[in-house]
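Structure first, commentary second.
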Amino acid sequence: MNERKKAWLVRILIGGVLGTGAGVLFSLGDGIWTVYHWYGIFLAAAFGASVGVSTLPFADDGRSVARRSMLHYLISMVLFVGAVVFLSHLYRWDGALLWAGLYTAGYLTIWLSRYAGWWMELEAIRAKLGLAQSAPTPLRWKETLPFAPVGILVYLLLPATLRGVEHLSGEAVPALTALIYPCILLPLGSMASGVALGKRQGFCPLYLLLCAVCLTVFALGFLNETALYMAVIGVLFTAVGEGIGVFLRRERDTDKQAGVRNRAFWVFLILFFVGAYNLVSAMWAGVPTLDNGGGFISLSPWIDCVVWGGWMAGFLVPTILYARKSRPHWPELSPVWQPVCGFFAVQSVLVLGVILLGVLGVLYPYGGRFLPLPVYAVLLAAAYLALGFLWGGKRRPSVGWLLGWCLILAGVFLALGLGRCLALDAQDARWAAEYGGSYMAGYTERVMDSAAGAVLGRLNLPACVVLGNYDVAYYDGVHTLSRTAITALCCLCPPVLFTLGALAGRLRNGKKPDEA
């Protein structure tokens, strides 16, 4: 027997003994043993033996590593779940799937840790030999791998452990997962890991995706859909941490540093407006909120103020830092994308205006004195024309693409809004036929209270404030416009008014050459 086989045999024996001991200790509290306990102890011993030989020879070729890892994962996962099922009498498929998911997360954490350690050793050897460093991978996926185990630990294994402690202790109020973790542990862990990653590897978007996936799995697997706000908090603080880490980097190339900071400014500005769009859509456009008042938090709709207000405040800090350091300029875009980017830039300015009006308390339903519907409509139309005129004069977009995007945006908005109106009309007709009498159609807020309305309320946000909250004007006095007509006007006017203003601004500066 050679040395390698001896080492494997020793590991198998040690792992088997430890697995047997764990199975016996787990069974002592049940008193009378049954045959299922012996099944569980046998599977625990086999699982311990499989853990004892869990070596990952990354020096081999990639296919060999993948085959060995996948085979070892499948065998060890079956043994682990089987031992848990028999030892804990957990004869439910959903419980078995939950344990399989936790084992998969732990296995992936260890696997990625070892792979990242091996990759970083190779990079260190290259640096000592004076060789060129590896070029950044697409989306920096390989640079993200060293921090993937940290992300899985912070965003999935830690809250799952806390939830398990609550379940075992039988606490009626989930203080660990409802207060301690989302308010203290999650922000601190997200910020710390984000700063470390950004400072060493730059901005890595896949780490944000890992955060969102892990927290979504935890919320849906252990709590309910109203706990998905944790994914928002995790992504927010992780992104802010990465931004601060990138800001603290010391690039040798001054031009490269300026380019990185300029791109980072636009990324964080866009993320800031993502929070603004979601806040306004929930508060003043009537789209479905994060919490309906009967779930994990039950603070609807004010939980949107807390989540999206915190999102905006968090991303505003790195945006201001990068604005002061990089002196950002408008990105160079092809003529194809200039009109749609300009339209949503104008939308973003108007979204900030809606927030200002809402804070001043002049927008329905939160406030004291409300702007009448005609006043709000006139202000909105004038703002589209004026901002479109300024943007068109500055950027001088292509007339063909400007008109093309006007048709595309108007078509998308109309398809979302009128499609929902047609569905409501058919539903109202059925109800009128069933209950008889004169049936009066509902407000336009019903257009927004749907999946299509959630999309429309974010893409066409300032105009959807009319549909979501000013719908009471539909019944003020003798109305002359139907619900469908009001929806069609709100969907059609914004892109048309912006295009008219942009064309006027471009014609005013028509003697100047077009920009690329």
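Quick notes on this one:
- Residue among Glu166, Glu225 that alone is among the charged types (D, E, K, R) and within 15 Å of the chain's Cα centre (by Cα): Glu225
- As for the stretch 199-218, it holds no residue that is more than 21 Å from Gly106 (Cβ to Cβ), among the small types (Gly, Ala, Ser) and surrounded by 23 or more Cβ atoms within 10 Å (Cβ to Cβ).
- Within the stretch 206-223, residues that are over 23 Å from Arg140 (Cα atoms) sit with their Cβ atoms under 7 Å from residues that are β-branched (Val, Ile, Thr) and assigned to a helix (DSSP H, G or I), at 6+ positions apart or across chains, in these pairs: Leu223/Thr177.
- Checklist (1) under 32 Å from the mean Cα position of the chain (by Cα); (2) modelled with pLDDT under 90; (3) surrounded by fewer than 19 Cβ atoms within 10 Å (Cβ to Cβ) applied to Ala415, failing item: (2)
- The stretch 223-244: number of residues that are in a helix (DSSP H, G or I) and of a type in the set (S, T, N, Q): 2
- Residue count for the stretch 319-372 satisfying the condition of being under 25 Å from Val465 (Cβ atoms) and part of a loop (DSSP other than H, G, I, E, B): 10.
- Filter pass, Gly367 being at pLDDT 85 or above and out of contact with any strand residue (DSSP E or B) (no Cβ under 9 Å at 6 or more places or on another chain): no
- Close contacts from the stretch 394-418, counting a first residue that is in contact (Cβ under 8 Å) with a residue 24 or more places away in the chain and part of a helix (DSSP H, G or I) and a second that is of a type in the set (D, E, K, R) and surrounded by fewer than 19 Cβ atoms within 10 Å (Cβ to Cβ), with Cβ to Cβ under 8 Å and a gap of 6+ residues or different chains, come to Arg395/Glu515.
The values are calculated or read from the model by the stated rules, or taken from the named source; none is laboratory data. Quick caveat, the model's predicted, so the values are computed rather than measured. So basically every Cβ, Gly included, is an ideal-geometry build from the backbone, and we count neighbours across all protein chains shown.
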